[in-house]
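K.L.:
One structure coming up, written as structure tokens, with questions to follow.
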Amino acid sequence: MNPLSLFADAFLGMMNPTAILLLIAGVAVGIVFGSIPGLSASMAVALFLPVTFAMDSHEAFTLLVSLYIGGISGGLISAILINIPGTPSSVATCFDGHPMAKKGQASKALGVGVVFSFLGGLFSFLILMFVAPSLAKVTLKFSAIEYFAVCLFALSMIAALAGNNMVKGLLSGCLGLIFSLVGMAPIDGVKRFTFGITELNSGFDILPTLIGVFAIAEVLSFAENVTKLNKATHIKQDTRIKGFGFTWKEFVSQKWNFLRSAAIGTIIGILPGIGGSTAGMLAYITAKKTSKYPEKFGTGIMDGLVASETSNNAVVGGALIPLLTLGIPGDGVTAMLLGAFMIHGLTPGPLLFVDAPDVVYTIFVACILANVIMLVMELGGMRVFVRLLNIPKQILLPIVLVLCTVGAYASNNRIFDAQSIIIFGIMSYLMGKVKIPTAPFILSFILGGLLETNLRRGLMYTKGSFWKFFTHPIAAVFIVVAILFVAWTVFKQIRERRSGKANQDAVAD
Amino acid sequence: MKKKLLALLICAVLIAGALAGCGNSGSPSKTPANTPGSTPASTPGSTPSSTSPGTNTTSWPTGPVSIIVPASAGGGTDLLARVVAEKLTQKLGQSFVVVNVTGAGGSNGISQVHDAKPDGNTILFFHNALLINKVSGISNYSYDGFEVGPHLVSDIATGFYVRSDAPYKTYSELVEYALAHPGEVTMGVEVGGFTYLMVKSFEAATGVQFNMVDVGSNAEKCTALLGGHIDIMPNQYSTAAGYIKSGDFIALGFPAEERSEVYPDVPTAKEQGLDWLYSGYEFGFFFPKGTPKEIQEKFNSTIKGLFDNNEIQQSILDLGNEPVYMSPEEFTEKLKSMEENYTKLMADVQAGR
Amino acid sequence: MFFKKYGDLVAGIFFLALSFFLYIMADALPPSILGGIGSDFFPKIMAIATCILSFFQIRSGFKTMRSRKPEEKEAAEEEEYKPEYLRVLATIALFTIYVFTLGPVGFLISSTLYLFLQIIVLSPKDKRSLRDIIIYAIISIVSCVVIYFVFRRGLNLMLPTGILG
């Protein structure tokens, strides 16, 4: 059973009209779902899952994988063009992607995003194919204790997202954590802050939160300035795109950023439960922290975009690693893929490679091919996407809101999810007015539940002793780094403020 | 601007057409019953009157029916529901659509059906979690908040699993070891759920005390066991199947009366001399209170028909579960005794701590 | 402007109040059935952290308030265009009504009406001629119908039916 020959077989097996059609249709539909805020990659997979039951197993997985890849990457389109992430994974893409579009460089931003999505995915697929089994063992070493430490570490990065005003950033983070508390508590199921509203028992869903924070806030800030924007000169979009939109020199300058972000994405994909949005944000923050010009992040530079898009696509390959080698699902989509395995009579687990190598290699081939098709489609569609910016915003934004509402409803078939958008919309708008950043809020909202659950589970392992956490080496490392990181950032801010005060008297806004 | 908008609209319509084409390949019947103005709720014939058996005059279903599954797509419950939904669509001529409503231990989906219009177009498909939610206080009602429908599937293949390198390979060995080392054997459960009560009933039956750790869903339990963070876990055979096959896990046995039809090689706890019985997952349907009797009867007889004609059994067996038909009355009896058991176990837990 | 001068201070006070509220509500929670830290632990920690941070925020809020005075006149001249809060409020109101009528009235009618009205609210005064309004109406109807068909028929996703379906 030579891997190369298995790969060749799978590749040849893919060269038939049905499979190619599924690849193309899957990626296309995935991109549509990914690019429309409110609809996500996991929704696309969930919707087409029953359709695949009747198919042959190879065809089924080809379609599902294509949807997944198209969906995750499609999010960058709306993130860059209208500052609303199409899927949760593309949150960090908004930070630098949209400012680039505002400067008239939308085509370049799209080009960068698409190419690096492709490369990030490719990186993780290569790792998946060649290094998978040994990496999967890493997943097993992580118990609740280690997860808690990782979450704590990720949260400590909020200190970096806080920007200039540490207090406001931390308050934003606290707010996110507080919102994540609403609902039934982990483990003992005690209802917290639900005020008797039964729909709140499961807490706030991530999709309405993102829609509220990004979409509603965007619409409201547009509403504030309609007359002003109407009179302002329309920023000319630079549509003379040469090739991918950026130069070879720029590409090479990103190599370390790329490698680092791809590694972050793959690793987070391997650790079940953390997710693409966290990966994107962590990669972005890391890029900012290790950059020579961190103050430029957020104004529309390539680095931030590269970091975010590379890592969120790398999560795909990473999530497939524990799924295919050990039968452990890494996120919602891979959990559905598990179900697909079962329906086709395949038993996911350590023996999948042995029992059904053809299906496994079909998945590998599908990943690579779908990735390529995604690249071609998005680059080819770039001109059309940028034209979308010509639709007057007063028409485009409301349509997007309707789609978001549909998406919020459809994500769990509850009107309540659509209704909860308002809370986050108003909150985010007010936060914007007092200049409290929303990025820390989102990161802590996503991680809050994980943090508490794993802390309490971890304490069950150590029978109530927190100090025993430090006997777990991996956990100890992450916790210590987290604490040091926050402390260092705080001290740096205090030092900067002290030297800044010596130069100027009044506090700038 | 107008030209571009037109182009965009044409694109949208084309995409809509394309998606309509490929999305419909799965559902065989798309009757034109969705014309505006003819909502199912206003159909005549669905008045709650009693009919004599054999003369069911209801015209239900006249539109798409939602089968609410309070679990995520691709999971065990979901797959079962989809298998049945397909058969029902064929038999009754209207599309039966599986709708996933997850969250809050299933109570999101449960309460949605509970509060739905009792016109037969919203049906719940779920299992024991319906009872356990009430017992643990998450929900205010149990099966008594619904009209109970027919029972479809039993999954008695839930038992304890250990790694192959564990110092105990049978229940008696486990009990012996655990009694000698109280509170040391780490049992991974989902606190407050099915597996939690299962372990509690085992502890009550044997006097053993485990070190309970919450590890989450059935899939997460497998990961924890594989990684060595827990020593033993309660789980469904179908979830652990891959690892049993690869030799990483051993199934200790099922707490059932008889061996499983699907996994006949696994012994029961009873055979091993352990007086421990615990009902497995019992899947069935539930209607909102007030759903007309005729609709319930039609549904019930359709399901029974599937069993009588042997049309559904194989699909259920393929999913690793046992097809067992029970009439609504029989199912209600079973639910009653299960809930009594859970209530007692939960009361012991609350008193013991 | 109000926000620029008092914003920081108000935010600080809000967070302080929130932290108190949080702590009180957390205290009322029952202890865990398994012992160890209960579900009140995390909320209480968050309450304390928020409380401490809000003190810093209030302090900086006072600084901002005091330092804003001499710059007020300049700022008022700079702002040729005042933020159009009426539009913002109208948008919030429209969207709120939309999500609450979605269930009873149904997707098609709700969305079409919402889209139409929202576009008008967001249009600048010179883009509100009769011709424009008719275009907006057509766009609203067509988009909602397309969305409806794509989701309901194409993807088999149930959308709230309400009156029309």
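What follows is calculated from the coordinates using simple rules that are stated; it is not laboratory data. All values reported here derive from a predicted model rather than from experimental measurement. FYI the Cβ positions are ideal-geometry reconstructions off the backbone, even for glycines, and counts take in every protein chain you see.
K.L.:
Among C:F95, C:P160, C:L29, whose Cα projects farthest towards the positive end of the dipole of chain C, with charges put on the beta-carbon of Lys, Arg (+1) and Asp, Glu (-1)?
P.N.:
The Cα lying farthest towards the positive end belongs to C:P160.
K.L.:
Quick query: amide H of B:N100 versus all other amide H atoms, modeled in the peptide plane; which residues come in under 5 Å with a sequence gap of 5 or more or a different chain?
P.N.:
B:V69
K.L.:
Ok, one more. According to a simple spin-label model (label point 7 Å from Cα along Cα-to-Cβ), what is the distance in nm between B:K169 and A:F7?
P.N.:
For the pair A:F7/B:K169, the computed spacing is 4.0 nm.
K.L.:
Still on this structure: At a Förster radius of 35 Å, what calculated FRET efficiency corresponds to the Cβ-Cβ distance of A:S253 and C:I141, to the nearest 0.05?
P.N.:
The computed FRET efficiency comes out at 0.10.
K.L.:
Under the rule of at least 5 residues apart or a separate chain, name every residue whose amide H is placed under 5 Å from the amide H of A:T290.
P.N.:
none
K.L.:
So how far apart, in nm, are the two label points at B:A204 and A:V372 if each is 7 Å from Cα heading toward Cβ?
P.N.:
A separation of 6.2 nm, rounded to one decimal place.
K.L.:
Further question: Run the reach check for B:K91 against lysines, Cα to Cα strictly under 22 Å, same-chain hits fewer than 8 apart removed. What comes back?
P.N.:
B:K30, B:K293, B:K298, B:K304
K.L.:
Something else: As I understand it, the dipole of chain A uses +1 on the Cβ of Lys and Arg and -1 on the Cβ of Asp and Glu, about the Cα centre. Which of A:F341, A:G425, A:T462 lies farthest toward its positive end?
P.N.:
The listed residue farthest towards the positive side: A:G425.
K.L.:
Long-range amide H contacts for B:V153: which residues qualify at under 5 Å (H placed 1.01 Å from N, peptide plane, sequence gap of 5 or more or a different chain)?
P.N.:
The list, which skips near neighbours in sequence, is B:F283, B:V324.
K.L.:
If you take each beta carbon of peptide A:348-357 and count the beta carbons of other chains within 10 angstrom, what is the mean?
P.N.:
Per residue, the number of nearby Cβ atoms from other chains is 4 on average.
K.L.:
State which entries of A:K228/C:K5; B:K245/B:K270; A:K137/B:K134 exceed 31 angstrom in Cα-Cα distance in the structure shown.
P.N.:
A:K137/B:K134
K.L.:
In chain C, if the dipole is taken from +1 on Lys/Arg beta carbons and -1 on Asp/Glu beta carbons about the Cα centre, which of C:L115, C:F41, C:S60 is farthest to the positive end?
P.N.:
After comparing all options, I get C:L115.
K.L.:
Order these peptides, A:71-84, A:89-102, by their mean beta-carbon neighbour count within 10 angstrom, highest first.
P.N.:
Details: A:71-84: 30.2, A:89-102: 26.4.
Ranking, from highest mean packing down: A:71-84, A:89-102.
K.L.:
For segment A:69-99 and segment B:129-143, compute the distance between their C-alpha centroids and round to whole Å.
P.N.:
Computed from Cα coordinates, the inter-centre distance equals 41 Å.
K.L.:
Which value, in debye to the nearest 20, gives the size of the charge dipole of segment A:358-509 about its Cα centre, when Lys and Arg are +1 and Asp and Glu are -1 at the Cβ?
P.N.:
For segment A:358-509, the charge dipole is close to 520 debye.
K.L.:
OK, next. Which of the GluC sites (Glu not before Pro) across segment B:89-189 are loop residues per DSSP, with 12 or fewer other Cβ within 10 Å?
P.N.:
Answer in residue order: B:E184.
K.L.:
Which chymotrypsin sites (Phe, Trp or Tyr not before Pro) does segment A:167-234 hold that lie in a coil by DSSP with at most 13 other beta carbons within 10 Å? Display every interim value, and only then the final one.
P.N.:
Values: sites: A:F179, A:F193, A:F195, A:F204, A:F214, A:F222; in loops: A:F193, A:F195, A:F204.
For chymotrypsin sites (Phe, Trp or Tyr not before Pro) across segment A:167-234 that sit outside H, G, I, E and B with at most 13 neighbouring Cβ atoms in 10 Å, the list reads A:F195.
K.L.:
Something else about it: Quote the charge dipole size of the protein assembly as shown about the Cα centre in Debye, to the nearest 20; the model charges only the Cβ of Lys and Arg (+1) and of Asp and Glu (-1).
P.N.:
4860
K.L.:
Please average, across the residues of C:83-92, the number of beta carbons from any other chain that are within 10 Å of each residue's own beta carbon, and give a whole number.
P.N.:
For peptide C:83-92, the averaged partner shielding equals 6.
K.L.:
What are the lysines whose alpha-carbon lies under 20 Å from the alpha-carbon of A:K141, with same-chain residues fewer than 8 places away excluded?
P.N.:
A:K463, A:K468, B:K221
K.L.:
Now, a different point. Take the Cα of B:S337, step 7 Å along the line toward its Cβ, and report every residue of segment B:268-305 whose backbone nitrogen sits under 13 Å from that point.
P.N.:
Counting only backbone N, you get B:277-280.
K.L.:
Calculate the dipole size of chain A relative to its Cα centre from +1 charges on Lys and Arg beta carbons and -1 charges on Asp and Glu beta carbons; express the result in debye to the nearest 20.
P.N.:
Working: 35 positive and 24 negative charges, 385 e Å.
Taking the Cα centre of chain A as origin, the dipole is about 1840 debye.
K.L.:
Shifting gears a bit: Peptide A:244-255: average number of partner chain Cβ atoms within 10 Å per residue?
P.N.:
Averaged over the peptide's residues, the number is 0.
K.L.:
Let me ask another. In whole angstrom, note down how far apart the Cα centers of segment C:93-113 and segment B:169-233 are.
P.N.:
So the two Cα centres are separated by 50 Å.
K.L.:
Could you list the chymotrypsin sites (Phe, Trp or Tyr not before Pro) in segment B:231-318 that lie in coil according to DSSP, counting only those with at most 11 other Cβ atoms within 10 Å of their Cβ?
P.N.:
Those that pass, being in a loop and sparsely packed, number zero.
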